[in-house]
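Coordinate-derived values only; no laboratory data. Keep in mind it's a predicted model, so treat the numbers as computed, not measured. Here the Cβ is made from the backbone with ideal geometry for all residues, glycine too, and neighbour counts use every protein chain on show.
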């Protein structure tokens, strides 16, 4: 009988999937409003409607990636990028 595990680093994957995927999805919401080419009400509405899809995709990716560091790097990069986009949008009007 083969006792090979489905994936390694189970605790880290649980942490990445549950906590970091949620944080990343929340940070992506205001960041997405800076680059969506719609009117203001659609710029706000679309990220809110996409929140469950984004969170679910990141959650599943945390378990399906072959190496545990791949989803970690992707989610941290998304957090940093969308955090900088949000900061840029907030400071743009203050010249």
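Only one of the listed values, (i) 65; (ii) 60; (iii) 56, was derived from the coordinates as percent of Cα pairs over 16 Å apart; which label is it?
Label (ii) holds the value from this structure.
Taking the chain as the reference, fit the longest principal axis to its C-alpha atoms, fit the long axis of helix 40-64 to the helix C-alpha atoms, and give the angle between the two in degrees, 0 to 90, nearest 10.
Taking the Cα atoms of the chain, the angle to 40-64 is about 10 degrees.
So which residue, out of 32, 40, 75, gets the largest mean-square fluctuation from a GNM of the chain using Cα contacts under 10 Å as springs?
Among 32, 40, 75, the largest GNM mean-square fluctuation belongs to 40.
Suppose each label sits 7 Å from its Cα in the direction of the beta carbon; what would the residue 80-residue 56 distance come out to in nanometres?
Result: 3.0 nm between the two label points.
For the pair residue 42 and residue 22, what calculated FRET efficiency results from E = 1/(1 + (r/R0)^6), where r is the Cβ-Cβ distance and R0 = 30 Å, to the nearest 0.05?
That pair, residue 22 with residue 42, gives E of 0.80.
How tilted is helix 69-91 with respect to the longest principal axis of the chain? Cα atoms for both, answer in degrees (0 to 90, nearest 10).
Between helix and principal axis, roughly 10 degrees.
Per DSSP H run of n ≥ 4, the term is -39500 (n - 2.57); total these for the chain, divide by its residue number, and report the mean residue ellipticity at 222 nm rounded to 500 deg cm²/dmol.
-23000 deg cm²/dmol
In the Gaussian network model of the chain, springs joining C-alpha atoms below 10 Å, which of 22, 85, 45 carries the largest mean-square fluctuation?
45
So what is the relative contact order for the chain, in percent, with contacts set as C-alpha pairs under 8 Å and at least six apart? Walk me through the numbers before you get to the answer.
Details: 75 pairs, mean separation 39.5, N = 95.
Computed over the chain, the figure is 42 percent.
Please rank 51, 87, 59, fewest neighbouring Cβ atoms within 10 Å first, as an exposure proxy. Walk me through the numbers on the way to the answer.
On the way: 51 16, 87 13, 59 19.
Ordered from fewest to most neighbouring Cβ atoms within 10 Å, 51, 87, 59 come out as 87, 51, 59.
Expressed as an acute angle from 0 to 90° and rounded to the nearest 10, what is the orientation of the C-alpha long axis of helix 21-32 relative to the principal long axis of the chain?
20 degrees
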